[in-house]
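To keep things clear, I will list the structure first and then write my remarks on it.
The values are calculated or read from the model by the stated rules, or taken from the named source; none is laboratory data. Keep in mind it's a predicted model, so treat the numbers as computed, not measured. Reconstructed Cβ throughout: ideal geometry from the backbone, glycine too, with neighbour counts over all protein chains shown.
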Amino acid sequence: MDLSTTYLGFRLPHPFLPGASPLVDDLDTVRRLEDAGAAALVMHSLFEEQIAREQVAVARYLDAPSDSFAEALTYLPNPESFALGPEEYLEQIHKLKAAVSIPVIASLNGSTDGGWLGYSRLMEHAGADALELNVYALATDFDVSSEMIERRTLHMLEAIKNSIGIPVAVKLSPFYTSLPHFARRLAERGADGLVLFNRFYQPDIDVETLEVAPTLRLSDSAELLLRLRWLAILSGRLDTSLAVTGGVHTSLDAVKAIMAGADAIQLVSTLLRHGPEQLAALRRDLALWLEEHEYDSLEQMKGSMNLQRCPNPAAHERANYMTILQSWWG
Ligand SMILES: Cc1cc2nc3c(=O)[nH]c(=O)nc-3n(C[C@H](O)[C@H](O)[C@H](O)COP(=O)(O)O)c2cc1C
């Protein structure tokens, strides 16, 4: 079965790749991922604050401290909590490139436009084949509008696109007032791909200790539904690749994501739970499913359930909404 797909301009033998996570920190695991057939690798993110801290250190050394970076410093978790510092991250790109022959996608995580974005060039020089910009920011400022937040991200993308030649994907959260409009602006500014969606880790409250308890919960298939909706709305309407991240655990999840319009499928929770070999199982089961359902190729199925030809997706969504509420009595 021909499972090939194109993502960020790379012709891949199939759509499955490990998404950003600590899986790529260990070279043995990385080799197991390649043995399992991973189509590419996404590294975990290097954080804006890590880079800013290093730049502050240099600025201090040169006796020219920078206020904005100095401020960033005060929020930074201690360096030991990061698996790799900025220099080590670049070395890890070198090591990964030497260890595997599949595309290596580096990841930058941040929320503000600034000098730290220049690190993208070092990542390219270190051998990264593409870059994922993970925009992870919570809008908490009453004076900041949604337009200001979107413009900031567009500037970040522009800064990166102006300094490197490798493809750039933007990993988004689902929380935008008008995602199609923003997605189109990102595509127009040169985003080679959009990755849907980041998960926001939602802290809980411990009512006995009166502390905020951070929780790291792996996903389940229920999280895919939000992604399916937005893939279906965006697919076929933008000149950019689409990857899904979040909630793909079974081959049927993958079928749905492809039908909704995903070009690539990033896996994290299922690989953390079942190991790298799960990727091979998903690939095999996807091929079987396509054969059983008499498809000739993955491309034939891709986007078959998107809303590209739907004349009024908003009315369609409202009709579904009303029908679902009424179904309670049915
Ligand atoms: C332990 C862990 C570490 C992660 N680290 C990153 C990261 O550094 N950068 C990033 O963009 N996403 C990171 N993610 C998010 C994943 O890339 C992915 O988007 C999310 O887990 C949803 O996919 P899943 O349902 O397959 O787990 C991390 C997730 C986990 C569980």
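Considering Asp263, Asp253, the condition of being at pLDDT 95 or above, of a type outside the set (Phe, Trp, Tyr), within 12 Å of the ligand (Cβ to nearest atom) and in contact with a Gly (Cβ under 8 Å, 6 or more places away or on another chain) is satisfied by Asp253 alone. Where the second residue is within 16 Å of the ligand (Cβ to nearest atom) and assigned to a helix (DSSP H, G or I) and the first is among the small types (Gly, Ala, Ser) and lies in the stretch 107-125, which pairs have Cβ atoms under 7 Å and are six or more apart or on separate chains? That search, which allows pairs on different chains as well, returns Gly110/Glu48; Gly110/Trp116; Ser111/Glu48; Ser120/Ile160. Scanning the stretch 134-151 for residues that are under 18 Å from the mean Cα position of the chain (by Cα) and without any contact (Cβ under 8 Å) to a residue 60 or more places away in the chain returns Ala137, Glu150.
Checking the stated criteria, Leu307 turns out not to satisfy the condition of being at pLDDT 95 or above and either more than 27 Å from Ala169 (Cβ to Cβ) or in contact with a helix residue (DSSP H, G or I) (Cβ under 9 Å, 6 or more places away or on another chain) (or both). Scanning the stretch 288-299 for residues that are surrounded by 10 or more Cβ atoms within 10 Å (Cβ to Cβ) and of a type in the set (Asp, Glu) yields Glu291, Asp296, Glu299.
If you go through the stretch 300-320 one residue at a time, do you hit one that is within 12 Å of the ligand (Cβ to nearest atom), touching a residue at least 12 places away in the same chain (Cβ under 8 Å) and surrounded by fewer than 17 Cβ atoms within 10 Å (Cβ to Cβ)? Within the stretch 300-320, none of the residues are within 12 Å of the ligand (Cβ to nearest atom), touching a residue at least 12 places away in the same chain (Cβ under 8 Å) and surrounded by fewer than 17 Cβ atoms within 10 Å (Cβ to Cβ). From the list Arg237, Arg227, pick out the single residue that is within 19 Å of His181 (Cα to Cα), charged (D, E, K, R) and buried (at least 22 other Cβ atoms within 10 Å of the Cβ). Criteria check complete, one pass: Arg227.
On the given criteria, is Arg273 within 12 Å of the ligand (Cβ to nearest atom) and surrounded by fewer than 17 Cβ atoms within 10 Å (Cβ to Cβ)?
So Arg273 passes the test.
Within the option set Met148, Met123, being part of a helix (DSSP H, G or I) and more than 27 Å from Gly37 (Cβ to Cβ) holds for one residue only, Met148. Whether a residue is touching a Lys or Arg at 6+ places or on another chain (Cβ under 6 Å) and modelled with pLDDT of 95 or more was assessed, and Leu131 does not pass this test. Checked against the criterion of being among the small types (Gly, Ala, Ser), farther than 24 Å from Glu317 by Cα, away from the ligand (no atom under 13 Å from the Cβ) and modelled with pLDDT of 95 or more, the candidates Ala232, Ala183, Ala213, Ala191 yield just one match: Ala191. Restricting the stretch 216-229 to residues that are among the charged types (D, E, K, R) and under 14 Å from Phe197 (Cβ atoms) leaves a set whose member that is nearest to the ligand (Cβ to nearest atom) is Glu223. The number of residues in the stretch 1-60 being of a type in the set (Gly, Ala, Ser) and assigned to a strand (DSSP E or B) comes to 1. Of the residues making up the stretch 160-180, those that are among the β-branched types (Val, Ile, Thr) and within 16 Å of the ligand (Cβ to nearest atom) are Ile160, Val168, Val170.
Among the residues of the stretch 281-293, those identified as in contact (Cβ under 8 Å) with a residue 60 or more places away in the chain and within 16 Å of the ligand (Cβ to nearest atom) are Leu282, Arg283, Leu286. The residue list Ser81, Ser4, Ser21 contains one member that is within 16 Å of the ligand (Cβ to nearest atom), polar (S, T, N, Q) and at pLDDT 70 or above, which is Ser21.
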